[in-house]
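Working notes, beginning with the structure itself.
Nothing in this text is a laboratory measurement; each read-out follows from the coordinates by a stated rule. Please read these numbers as outputs of a predicted model, since none were measured by experiment. Here the Cβ is made from the backbone with ideal geometry for all residues, glycine too, and neighbour counts use every protein chain on show.
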């Protein structure tokens, strides 16, 4: 039934966390809340300064940071001044009764306040403390401040993106906080299983720089195996072809961009064939493409010149279609591709609506109800989430 | 000779996982579990090889080969491989016996494929009531797009990431590889570990339906709430940022050497300006956020001219000492000698019969009381057939030899 939130059946219901984190750790607590942990966010006097982080969104009652509101949904809040000894004593009392403490201060700061790992562990040996910091608790760069662009750079992600004739770029929406928070949640869950075996908590040390390595996938291996450094190539995909041919993946269309590529394999051959047939139905397939023998086509060994010739005809055709037409024809003709979505496209996506991904919650700072992405976890067909779903029919 | 099964230690050493499927999103969940002690048995087949073995350079020596692909090697360390032809009755029977003794199944076939093989969660949980199954696919098992096939690199565009990467006056830039798969990996691992806890509490197994698209949307959340609240559609801004100015990537001495510098308030600008010491850095218009924002183009050019005469390491060190946000833009080679990643043992080196010594990224988190480890390299196809079928399932030598002659272990 749409509208029901299965809070009580959530896998980790009954467990509790105190969340002291800033931007780098917000998602960690959010994911623990997603799986049923009761997360209490502790705010300094005057509120969390992260509420002002740009971009902010606006409602009748005021403004709030978009990232702050998205990643702190589902948490309760408590004002606590850790600058006073009463506040610290209160924190230690609270920490002695919970399962997790989450924090993202510079290494050593909690210790200097007398509320670090040693003290927490002494009072509550089963407690798991998860620290999310730019470079980790220890080592040559521990304590070095870094924002998203430094982390994306030091983590190798910036190197891989952008146009070859300009400096490498980071994604405009900060991502290092998400990689750090989500992988910190994995580490925290593993520590929880360790505790189930031994009764003992531990201090989980998540470094945001290292958290980016999963995002690089096999790019570092080019250096490890071949001494190569894959260079950014804009909308082209590199690293799939032994001749170094880059495959175009981003194509301008009438109302934006679509993503599609010439591929190998059985599904790829069908996808290539589907594209050429669609072009041909519109009188835009050159003879060379119509005569291609896709059954012997090998994407790993094709040359750059052959690829360029095929791609120029395809590019001219795709400029004549819309995103919606592409999606529809991709489905019919079994072409492997999607549109390059904007936030506006995602907001009206039929699949996300049908799966009840969106929830709504009243946000006091805005003075209105806000829609946000929520229900990513489905267990035995039941959609979990920190708030009630917007039903598919309301889109 | 039976290949010996590795000793497993760690918080997940009582967890047995059977893995079906290929590429990233399923198998990398298994990797995360295996690195903390879980026994992960990959069921694969020469008849339908994992795309990570066949479609993705680099290969050792730049020569393609089933046992030569780095993409497979870095995604399947610490696992066992059994080759089972799931089109054969006996192959399916052996797969079922593996599932019967498992706590977890991870699969990323297209929705419905496991059911058609008779290996779906409903059938298996009837035999093994405490089983947790993670099914992960592009867009989930239900809904109008459930059956739609697609690659992770394309799904990364559907989820909005590509549109937000690149320069405002140019077309979007691709992110590297199947970016979104590895978002789903973190959520998938959390879901499996939460599912195991649910089993411990209720005694009943469960089926997790994980859509990679939906996990990607979580990483897009700030852009989405911005749209829902105010109708604003975020767009790519090169290296600029709404909180810091200047905020960019600047050239240093040498071919493709870059550093990131970002200035988050006026005090940080003043530290930066004294460190630079050039006349332009003292211009009053740059002392305020508004002034720097207004002249951002010119400011970026001045900084780039200044940085381009300097060595990256020296410059970053100077900036950090002065209290200015800065980092090297590490290239892939730099990562292996980065002092902090090295300190954390982020890449671990293991041997492999075909690939030799190679680097595998280990867990990004450090658990001091139960450290994760890359203990051995990825398995070759069917490398552990005898160890698993005889050593674990208890087949006799005669039965195993019979299987080897048939099409079951292909």
(message) Quick check on the range B:27-118: take the gyration tensor over C-alpha atoms, sort the square-rooted eigenvalues as a ≥ b ≥ c, and tell me if it's rounded (a/c under 1.5), prolate or oblate.
(response) oblate
(message) For chain A, set up a GNM with springs between Cα atoms under 10 Å and report which of A:205, A:165, A:34 has the largest fluctuation.
(response) A:165
(message) Suppose a student asked you for the relative contact order of chain B, using Cα pairs under 8 Å spaced at least 6 residues apart; what percent would you report?
(response) 20
(request) Please determine, in degrees from 0 to 90 and to the nearest 10, the orientation of helix A:304-318 with respect to the longest principal axis defined by the Cα atoms of chain A, where the helix direction is its Cα long axis. (result) 80
(message) If I fit a long axis through the Cα atoms of helix B:221-230 and take the longest principal axis of the Cα atoms of chain B, what angle between them do I get, 0 to 90°, rounded to 10?
(response) 60
(request) Calculate the length of the line joining the C-alpha centroid of the range B:238-260 to that of the range A:65-90, in whole Å. (result) 33
(message) Nearest 5 percent is fine: what portion of the DSSP beta bridges confined to the protein assembly as shown is antiparallel?
(response) 50
(message) I want the antiparallel fraction of DSSP beta bridges within chain A, as a percent rounded to 5.
(response) 50
(request) Fewest Cβ neighbours within 10 Å first, please rank A:99, B:297, A:138 accordingly. (result) B:297, A:138, A:99
(message) At a threshold of 8 angstrom on Cα-Cα distance, excluding pairs fewer than six apart, so keeping six or more, what relative contact order does the range A:233-340 reach in percent?
(response) 38
(request) Determine the distance separating the Cα centre of the range A:256-334 from the Cα centre of the range B:347-410; give it in Å without decimals. (result) 39
(message) If I take every Cα pair under 8 Å that is 6 or more residues apart in chain A, average their sequence separation and divide by the length, what percent do I get for the relative contact order?
(response) 17
(request) Counting helices only, and only those DSSP H runs with n ≥ 4, report the 222 nm mean residue ellipticity of chain A as the sum of -39,500 (n - 2.57) divided by its residues, in deg cm²/dmol to the nearest 500. (result) -10000 deg cm²/dmol
(message) Sort A:100, A:297, A:362 by Cβ crowding within 10 Å, fewest neighbours at the top.
(response) A:362, A:297, A:100
(request) Quick one: work out the % antiparallel among DSSP beta bridges in chain B, nearest 5. (result) 40
(message) If the elastic network links every pair of Cα atoms under 10 Å, which of A:359, A:104, A:221 fluctuates the most in the Gaussian network model of chain A?
(response) A:221
(message) Report the Cα centroid-to-centroid distance between the range B:301-318 and the range B:262-299 in angstrom, as an integer.
(response) 15
(request) Taking chain A as the reference, fit the longest principal axis to its C-alpha atoms, fit the long axis of helix A:323-333 to the helix C-alpha atoms, and give the angle between the two in degrees, 0 to 90, nearest 10. (result) 70
(request) Show that you can apply the helix-only estimate: for chain B, add -39,500 (n - 2.57) for every DSSP H stretch of four or more residues, divide by all residues, and state [θ] at 222 nm to the nearest 500. (result) -10000 deg cm²/dmol
(message) As a footprinting exposure proxy, order A:212, B:393, A:151 by other Cβ within 10 Å, with the fewest listed first.
(response) B:393, A:212, A:151
